[in-house]
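See structure below.
Every number in this text was worked out from the coordinates using simple rules, so none of it is lab data. Model, not experiment: these values are computed from the prediction. Note: ideal-geometry Cβ built from the backbone for every residue, glycine included; neighbour counts use all protein chains shown.
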Amino acid sequence: MMLETEVFRVEPDITVLACAGKFTMGTRLKEAEALGDSLIADGTRKLILDLTHTDVVDSAGLGVIMHMSASLEGVGGKFRLCGANERIQNLLSTTHTDSLLAHDDDLESSVRNMGS
């Protein structure tokens, strides 16, 4: 399944970028990266990347995730991941990015942890 994205707000200051399908190299990934950049440029300072319906993330996708995280950190914002399946969790662990990225099991936990 191709990458699909949806943006919504769960609280006045928390934005969710929900992804479904394959978070892998290609045009859709570039569009997702541009969407993240646009959200940050427009003032988003608390962003949750919801991977609940994402099947796989490749190295290009991981690069986009790290870029989003660094961009938010650069403007004093907060970034969290949620819903990563076992395959994605293994990628994060293998690349040691799990210690750099705040991540939660589900969106509700990310929203709660984003507030603290």
Legend entry - Relative contact order (percent, whole number), the chain, Cα cutoff 8 Å, 6+ residue spacing: 25
Legend entry - Rounded FRET efficiency, nearest 0.05, which uses the C-beta distance separating GLU73 from ASP42 and R0 of 22 Å: 0.80
Inset, instruction - Could you please state, rounded to a whole Å, how far the C-alpha centre of region 18-57 is from the C-alpha centre of region 71-99? - result: 12
Legend entry - Label assignment, Kirkwood radius over Cα pairs in Å derived from the structure, set (i) 14.7; (ii) 13.8; (iii) 17.5: (ii)
Legend entry - Cα→Cβ-extended label distance, 7 Å offset, between ARG9 and LEU35, nm: 1.8
Legend entry - Fewest-first sequence of ARG9, ARG80 by Cβ atoms within 10 Å of each Cβ: ARG9, ARG80
Inset, instruction - Using +1 at the Cβ of each Lys and Arg and -1 at the Cβ of each Asp and Glu in the chain, identify which of ALA84, SER71, VAL57 lies farthest towards the dipole's positive end. - result: SER71
Inset, instruction - List the extent of the Cα atoms of region 1-55 along each of their three principal axes, largest first, rounded to whole Å. - result: 31, 21, 11
Legend entry - Stretch gain in nm, segment THR97-MET66, where the contour uses 0.36 nm per residue and the Cα spacing is subtracted: 10.3 nm
